[in-house]
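The values are calculated or read from the model by the stated rules, or taken from the named source; none is laboratory data. Predicted model only: the values in this text are computed from it and were never measured. Here the Cβ positions follow ideal geometry from the backbone for every residue, glycine too, while neighbour counts run over all protein chains shown. We work out accessible area using only protein heavy atoms, side chains counted, and drop any ligands, DNA or RNA first. Shrake-Rupley method; radii C 1.70, N 1.55, O 1.52, S 1.80 Å.
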Amino acid sequence: MHVEAQVRAKLLTNTEQYSQITDDIARPIEAAPNKEWLFWTTISAIVMTVCCFGLIGYLLWEGIGVWGLNTEVGWGFDITNFVFWVGIGHAGTLISAVLLLFRQTWRNSINRSAEAMTIFAVLCAAIFPGIHAGRTWDLIWFAPIPNTRGTLWANFNSPLLWDVFAITTYLTVSLVFWYLGMIPDFATLRDRFTRKGKDVAAGIYGALSFGWEGSARNWSRYEIISLILAGLCTPLVLSVHSIVSMDFATSVVPGWHTTIFPPYFVAGAIFSGFGMVQTLLIVMRRIYKLENYITMEHMENMAKVVIATGTTVGLAYMTEFFVAWYSGSFFERYVFINRAFGDYAWAYWIMFSCNVLSPQLFWSKKIRTSMTATFILSIFVNIGMWFERFVIIVTSLHHDYVPARWANYTPTWVEFGIFLGTFGLFFTCFFLFSKFLPVINMFEVKTLLHRPKKPSGIPEGKKDEAVHAH
Amino acid sequence: MITLWDSHYKEENANRLIRWVMAIDLNKCTGCGACVVACNAENNVPVVGKKEIMTHRDMHWMRIDRYYSGDLDNAENVSVVFQPMMCQHCANAPCETVCPVLATVHTSDGLNSMSYNRCVGTRYCANNCPYKVRRFNWFKYHNNENFDFHQNNPLGKLVLNPDVTVRFRGVMEKCSFCVQRLQDGKLRAKVNAKQTDAGAFAKPKDGAIKTACQQTCPTGAIVFGDLNDPESEVSKLFRDERAFTALEEVKTLPSVSYLTRIRNQKADEVKVNHAEHGHKEEEHTEKHPS
Amino acid sequence: MKSNLIVAKFWNPDTLMDALAEVHHKGIPVYDCYTPFPIHGIEQYMDIKRTRLTIASFIYGLLGLSAALLLMAGVNGGALDLGWDIKSWQIDVGGKPYLAWVDFVPIAFELTVLFAAHGMVITFFIITGYYPGKKAELLDDRQTDDVFIMTIDADKVVRHDEIKQILTEKGAFEVKTTA
């Protein structure tokens, strides 16, 4: 006989009909934007325009000198923010791809927003390698294209070029994966708007739906390619952050030159990403009243992932210290002692307490199931992971080999502003997404519904009762 | 020496190619700073003003590092070692590997070259330089009211060396071993060799080319030349037992060798405080005769 | 969409599967089904073969891998003569070998994934005929919401009334033939 999707009632509560799922998820899209949404979207858009685009314009006009960087500390907020945002993106792919491969059905209702988060976060991340370069307008030289400069192409030995390939692949593949997942839902919305006589909306979602009609033959192909895409995304997400970590690991800078970086960065990325997913979902389930879809089970599962990855990251911090001592390398030892007790010790201890200590509170079920506590802890995770990248980048650079060239780094208002601006960009994208696109994967959630009730407006069939009996 | 790959410097090329190297005798260096000034003048290094210097954005291609030894608690009684530091033109240059656009690569005559036109300014090379000798153009330093120094007025611009580019903002720059002088010297050698039939591979005579710092050094501490010529003065200095390279353990294989400073002191007068100043350079530079 | 189809509509996926099993058992070929979400196991009743898109993806991946290696070996390594005198332009970068295979691994991997993923998805859209802005051909305006449809090609079967009878018996709330 046919295979039924594994059903766990906890993942979908108070829902009896397929159309009810459509109703619930299409409601925010159909409703006029409420005041709260308008307010926050406007604020985000203003922050995005002024802080992100405005300050980037100022930066391009004046030069990198408007940042607080100097000869010794050549990277500061720019690359910190880059790694921070890429890391946040990773949880989305992890939820959508890795949990799909592991047949974790609890991902079905959160994967859409997690993937959206991935894409917006990677967009924010992609800004920084672009603007951190002194001559942004010449970045086309990264592209391996034949040119008029003889055979001078790109340098395939450079981890920065690996980054370009990794981020491009990651962004485009995630985008395709996300969009592919939305096509059936666009079709659902198209037909819903057609029924309601809203032709403009029906036309827009119709164009986006690529003419999807739910043919079983195409569903069969669709499911296979989703699975293969998930299979491709899994090593991809691991490779992307490994490659990002190689920016540091392949260098000769003490504190960067560490083989532990790839796994350590990947664990950190998952950790920070889940922190961000928690933050967003807690807000979203409250505002859009999606508690029946994003249930306590989801929130608890994510808290458990946060404990696991937070502890992994903590282990990595301690391993680094051990290896610095065990290596006998003079510079390596100094950098780590300086990291914990030097000029930037405050940043190190913020990082350590936010990333290693505070997630341990999730061992308590009371805290795990309290949304206020989870929200606060998830913010701590975000702060801690930002500081992790800051600590790695700045403390390693500011005191490295030659003591004659030791310097401290103080960021300027422009750096703070652009960082704030990327939050504007991120939230503008996310608010627009949550208003105009289906925030929950309707067709996947429908597979979780067991024994649906007969929808209204449909005549009685002969066999209904018999089916329900088995 | 353990290495994962073969060197690009092949023995059979030695007769054909030049390998530019520099030797600096720390015994002779008095730390006067004339080399720094000469370098600034020769290479159109911008003057950036106090504010930028305070934030560690000096543009000097050359600097003089100071290392102290002796009784560090008693400032009256320390001895100091000067180490002129500029781009070491490493054979295994960490900066080259990380540049995504091949703006800094190795030339066949052993220079770590920097093409300003190709540079996009990621600053990755500067981060990865163990000697911290790369300088970034944070702003446009010429024709800019905020930097009202010699590059902002017509008279001041007369000081500029026409053989050297004035760098645009957003690009990296560093010591080039006065590449404009090297190219000029090589060309002259070739032109002269045409008459004497040594062919296209004619090399300039040892000592015919002087870098700006070498030319200016009052004590003659800096010697520059071709390492592939075993008879050149710099080759002899490279074979000297006092020769060492900076941060040898990073295995960048620098083209600059320093000759250890030697002091004629009684052993009991020497109190090296390694606890506070135990850096590698110091260990090299503080070899006291026992 | 093909005309002259026998269309049976169900509101419950289990009922649809039940009817499909019956139709399949009787040897009646199913034209297609239209469902709001994928129903696992539906393929066995519709004689749908496993898609070869996976193989296509693998081939695209190999293509990406070779493209990446050719590009990097050719450009940085000077291993290829692409028509220019590349050999003479091998560049000494940090003393690394020209053919630094270890350095080529990350980009080779990324391009493999890039080609495999995009190639597969593009092929999917080509073979399914979906494209941006395509007008959907619907049998019911709720087939993407909560109505499950089975269609049988009326040209390929005889005794239409008998088939319709079976479908109604098996729980279809509406059975009709499209013009």
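Applying the condition of being more than 11 Å from chain A (Cβ to nearest Cβ) and of a type outside the set (Ser, Thr, Tyr) to the stretch C:167-179 and asking which residue is surrounded by the fewest Cβ atoms within 10 Å (Cβ to Cβ) yields C:Ala179.
Results for (1) of a type in the set (Gly, Ala, Ser); (2) open to solvent by less than 20 Å² (accessible area, probe 1.4 Å); (3) more than 11 Å from every other protein chain (Cβ to nearest Cβ); (4) in contact with a helix residue (DSSP H, G or I) (Cβ under 9 Å, 6 or more places away or on another chain), shown as yes or no for each residue.
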site: A:Trp212; (1), (2), (3), (4): no, yes, no, yes
site: A:Tyr222; (1), (2), (3), (4): no, yes, no, yes
site: A:Ile228; (1), (2), (3), (4): no, no, no, yes
site: A:Pro235; (1), (2), (3), (4): no, no, no, yes
site: A:Ile243; (1), (2), (3), (4): no, yes, no, yes
site: A:Ala267; (1), (2), (3), (4): yes, yes, yes, yes
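Here C:Ser66, C:Ser57 are screened, and the one residue that is among the hydroxyl-bearing types (Ser, Thr, Tyr), out of contact with any Phe, Trp or Tyr (no Cβ under 6 Å at 6 or more places or on another chain), in contact (Cβ under 8 Å) with a residue 12 or more places away in the chain and assigned to a helix (DSSP H, G or I) is C:Ser57. Selection of the stretch A:245-260 for residues being buried (at least 23 other Cβ atoms within 10 Å of the Cβ) and part of a helix (DSSP H, G or I) yields A:Ser245, A:Asp247, A:Phe248.
Could you say whether any residue in the stretch A:117-140 is of a type in the set (D, E, K, R) and over 30 Å from A:Phe271 (Cα atoms)? Scanning the stretch A:117-140, I find at least one residue that is of a type in the set (D, E, K, R) and over 30 Å from A:Phe271 (Cα atoms), so the answer is yes. B:Thr165 falls short on exactly one of the conditions (1) within 16 Å of B:Pro46 (Cβ to Cβ); (2) β-branched (Val, Ile, Thr); (3) at pLDDT below 90, and that condition is (3). Pairing each residue of the stretch A:147-174 that is more than 16 Å from A:Ala121 (Cα to Cα) with any residue that is open to solvent by 30 Å² or more (accessible area, probe 1.4 Å) and modelled with pLDDT of 90 or more, provided the two are 6+ apart or on different chains, yields C-beta distances under 7 Å for A:Pro159/A:Met246; A:Pro159/A:Thr250; A:Trp162/A:Met246. Filtering the stretch C:90-132 to residues that are part of a loop (DSSP other than H, G, I, E, B) and facing another protein chain (nearest Cβ under 7 Å) leaves C:Ile91, C:Val93, C:Gly94, C:Gly95, C:Lys96, C:Pro97, C:Ala100, C:Tyr130, C:Tyr131, C:Pro132. B:Asp197 fulfils the conditions (1) surrounded by 15 or more Cβ atoms within 10 Å (Cβ to Cβ); (2) of a type in the set (Asp, Glu); (3) modelled with pLDDT under 90 except for a single criterion, (1). Within the stretch A:337-349, residues that are closer than 13 Å to A:His398 by Cα have Cβ atoms under 8 Å from residues that are part of a loop (DSSP other than H, G, I, E, B) and open to solvent by less than 10 Å² (accessible area, probe 1.4 Å) in these pairs: A:Arg339/A:Gly255, counting only partners at least 6 apart in sequence or on another chain. Listed here are the helices (runs of 4 or more DSSP H) enclosed by the stretch A:330-392 that have at least 3 residues being open to solvent by less than 50 Å² (accessible area, probe 1.4 Å) and within 16 Å of A:Ala303 (Cβ to Cβ): A:371-390. Residues that are open to solvent by less than 70 Å² (accessible area, probe 1.4 Å) and among the basic types (Lys, Arg) were ranked within the stretch B:146-173; the one that is nearest to the other protein chains (Cβ to nearest Cβ) is B:Arg169.
Residue selection: C:Ala154 satisfies the criterion of being open to solvent by less than 30 Å² (accessible area, probe 1.4 Å) and at pLDDT below 85.
Being over 20 Å from A:Asn81 (Cα atoms) and within 14 Å of chain B (Cβ to nearest Cβ) holds for only one residue in A:Phe156, A:Phe177, and it is A:Phe156. Could you say whether any residue in the stretch A:262-273 is in a loop (DSSP other than H, G, I, E, B), farther than 21 Å from A:Asn382 by Cβ and free of Cβ contacts under 8 Å to residues at least 40 places away in the same chain? Looking for residues that are in a loop (DSSP other than H, G, I, E, B), farther than 21 Å from A:Asn382 by Cβ and free of Cβ contacts under 8 Å to residues at least 40 places away in the same chain, one finds none in the stretch A:262-273, hence no.
Check whether at least one residue in the stretch B:19-40 is charged (D, E, K, R) and free of Cβ contacts under 8 Å to residues at least 60 places away in the same chain, and report yes or no. No; the residues of the stretch B:19-40 include none that is charged (D, E, K, R) and free of Cβ contacts under 8 Å to residues at least 60 places away in the same chain.
When the residues of the stretch B:41-53 are filtered to those that are in contact (Cβ under 8 Å) with a residue 12 or more places away in the chain and charged (D, E, K, R), which remaining residue is most open to solvent (accessible area, probe 1.4 Å)? The qualifying residue most open to solvent (accessible area, probe 1.4 Å) is B:Glu42. Taking every residue in the stretch A:112-138 that is farther than 30 Å from A:Phe443 by Cβ and pairing it with any residue that is small (Gly, Ala, Ser) and part of a helix (DSSP H, G or I), at least 6 positions away or on another chain, the pairs with Cβ-Cβ distances below 6 Å are A:Thr136/A:Gly130. Please go through (1) open to solvent by less than 10 Å² (accessible area, probe 1.4 Å); (2) touching a Pro at 6+ places or on another chain (Cβ under 9 Å) for B:Phe136 and return the number of the only condition it doesn't satisfy. Going through (1) open to solvent by less than 10 Å² (accessible area, probe 1.4 Å); (2) touching a Pro at 6+ places or on another chain (Cβ under 9 Å) one by one, B:Phe136 breaks only (2).
Inside the stretch B:1-40, can you point out the residues that are open to solvent by 60 Å² or more (accessible area, probe 1.4 Å), within 23 Å of the chain's Cα centre (by Cα) and away from chain C (no Cβ under 14 Å)?
Passing the criteria: B:Asn27, B:Lys28, B:Thr30, B:Cys32, B:Val37.
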